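Since the structure comes first, as structure tokens, the remarks are kept for the end.
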Amino acid sequence: MRHSVVPDPRLRFTAPLEYSRALRRAQESTLAGSPDPAFSPLLIESWRRSLALGINPERHSPMHVHEVSEARTLRSQHRLASAVPALSQMLADESADGRHLLIVTDRRGEVLWRIGSVPALRQADALEFIEGADWSESGIGTNAISEAITTGEPAQLFSAEHLVRTHHDWACTAAPIRDPSTGEIVGVLDVSGPIDTVTPDSLRMVRCGVRLAEELLRSAGTTAEARPPATAGLRPPGTASTLFLRFLGDKPTAELDGGRRVPITLRRAEILALLVSRTQGWSAEELAYRLHGDDGAASTVRTEMHRIRAVIGAVVEPNPYRFAAGVRVVSDADVVVGHLRAGRLAEALAAYPARLLNRSANLSVELMRDDLNEAVAASVRSSGNAEMISQWCSSDMGSGDIAAAATLARLTGPGDPRFHVVRARMDRIDRELRA
């Protein structure tokens, strides 16, 4: 009897070639009729659907919905066209040594944009991973893009987790981009490359890109609720009130119509941050679960909402809980994102003095915090500006950014005092990791 040895998932990042070989053996066993525990039942079910659709694991080319030229014409009219430049700045690597691709598809999985270096694009050409290709489950079989569309959740597939074997040298991380008003999927953001290019931060960076794209969609598509990045104290015509929320740091405040700053408790700041993150609102039960897990009670949320109204004013309406239609909401985190979106990196750094609600241990807030920090970090690292990277590495938020420190070391060199400062920091971090 064959006894399966489950591949150690930690090897995905530390020994990708070894992990890939183990996954390939596990896939052979699974397709032969002996499911290997290396693969989740949901992934195996996706393989079964793909096989039923006629996908050949041994050799399969994707379906092509449009010619490349047609797809490029179509994408110019797509809603995500305005977001792609910002996504490219944050996630793409078009340098000569760049190894991964930034991919944006429509809601069905047709590739509309692919951005990367010439060598990376050539590798993708060999897989027909090009504009107009159908990367849905029916078009090419199980992959991260198809999983993001099918499940509605972020997905990361490594090597033989892809059904088609010509993709086993690749790792792909994807997440759906949703319409902020309706919640419907409008496209998929994907980062793909050779298996040794995936990192523990890949999924976080893709999530961050999705949040940026959805913020851009919100700004472009909802004029009445748009949140301009640098005009928090201004009150536009026809807007009843402007609420400015300070989430960065450990002393959250609220400021209504340019009035005095009102201190708010951490719990109420967490509630307000959740309200900012979702335009369609939350039920009391949903908020209770996000704040307290299974032990959360809707009555506790209702009490906190009553206190928020007592402190700030009638800015939140119930059923579901969301900001009132006449209230325009801007946060200091929005200001940072707005500067990044407009390419104003120096202003973004100046507007980012501390992490978002840095005393919060709430998982949802931690994800927002990480997404914002990675957005700033990625923009700084890709700027190639030694002064800004040095400023970032000297901040509390960027002090542990090894990639930024390494970039600064390359840009400066032993003759620059900043080189020795950053080298000392990198050595210290290395010692701490080894301890």
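The values are calculated or read from the model by the stated rules, or taken from the named source; none is laboratory data. Bear in mind the structure is a predicted one, so any value in this text is a computation, not a measurement. Heads up, the Cβs are rebuilt from the backbone with ideal geometry, glycines too, and the neighbour counts pull from every protein chain shown.
Considering only residues that are among the small types (Gly, Ala, Ser) and either in a loop (DSSP other than H, G, I, E, B) or more than 20 Å from Leu53 (Cβ to Cβ) (or both), which ones fall in segment 124-156? Break it down stepwise before answering.
To start, the set of residues in segment 124-156 that are among the small types (Gly, Ala, Ser) comprises 124, 126, 132-133, 136, 138-139, 141, 144, 146, 148, 152, 155.
Hits for segment 124-156 are Ala124, Ala126, Gly132, Ser136, Gly141, Gly152.
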Study note, to complete from the structure: Exception for Glu131 within (1) out of contact with any Gly (no Cβ under 9 Å at 6 or more places or on another chain); (2) surrounded by fewer than 20 Cβ atoms within 10 Å (Cβ to Cβ); (3) closer than 20 Å to Asp93 by Cα falls at (2)
Review point. Identify, please: which residue in segment 91-109 is touching a Ser or Thr at 6+ places or on another chain (Cβ under 8 Å) and either of a type in the set (Asp, Glu) or surrounded by fewer than 21 Cβ atoms within 10 Å (Cβ to Cβ) (or both) and is, among those, farthest from Val68 (Cα to Cα)?
Key: Asp97
Exercise for review: Check Thr300 against each of (1) touching a residue at least 24 places away in the same chain (Cβ under 8 Å); (2) of a type outside the set (D, E, K, R); (3) surrounded by 16 or more Cβ atoms within 10 Å (Cβ to Cβ) and name the one condition it does not meet.
Suggested key: (1)
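So, Leu121, is that one modelled with pLDDT of 90 or more and part of a strand (DSSP E or B) or not?
Details: modelled with pLDDT of 90 or more: yes; part of a strand (DSSP E or B): no.
Judged against the criteria, Leu121 is not a match.
Does segment 181-213 hold any residues that are assigned to a strand (DSSP E or B) and of a type outside the set (Val, Ile, Thr), and which are they?
Filtering segment 181-213 for residues assigned to a strand (DSSP E or B) gives 185-194.
Gly187, Leu189, Asp190, Ser192, Gly193, Pro194, listed by residue number.
One line per residue, one yes/no per condition, for (1) at pLDDT 90 or above; (2) over 28 Å from Lys251 (Cα atoms); (3) part of a helix (DSSP H, G or I):
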| site | (1), (2), (3) |
| --- | --- |
| Leu367 | yes, no, yes |
| Asp371 | yes, no, yes |
| Ala375 | yes, no, yes |
| Ser379 | yes, no, yes |
| Ser382 | no, yes, yes |
| Ala406 | no, yes, yes |
| Leu411 | no, yes, yes |
| Gly415 | no, yes, no |
Review point. Within the bounds of segment 157-180, is there any residue that is at pLDDT below 90, surrounded by fewer than 19 Cβ atoms within 10 Å (Cβ to Cβ) and outside any helix (DSSP H, G or I)?
Key: no
Check your understanding: Could you say whether any residue in segment 90-105 is in a helix (DSSP H, G or I) and free of Cβ contacts under 8 Å to residues at least 40 places away in the same chain?
Key -> no
Review point. Given (1) within 27 Å of the chain's Cα centre (by Cα); (2) among the hydroxyl-bearing types (Ser, Thr, Tyr); (3) in a loop (DSSP other than H, G, I, E, B), where does Ser34 come up short, assuming only one miss?
Key: (1)
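Kindly establish whether Trp113 is buried (at least 16 other Cβ atoms within 10 Å of the Cβ), among the hydrophobic types (A, V, I, L, M, F, W, C) and within 21 Å of Gly209 (Cβ to Cβ).
yes
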Review point. Which one of the conditions (1) over 25 Å from the mean Cα position of the chain (by Cα); (2) assigned to a helix (DSSP H, G or I); (3) closer than 22 Å to Thr242 by Cβ does Val301 fail to meet, given that it meets all the rest?
Key: (3)
**Study point:** Of all residues in segment 49-63 being hydrophobic (A, V, I, L, M, F, W, C) and outside any loop (DSSP other than H, G, I, E, B), the one that is modelled with the highest pLDDT
**Key:** Leu51
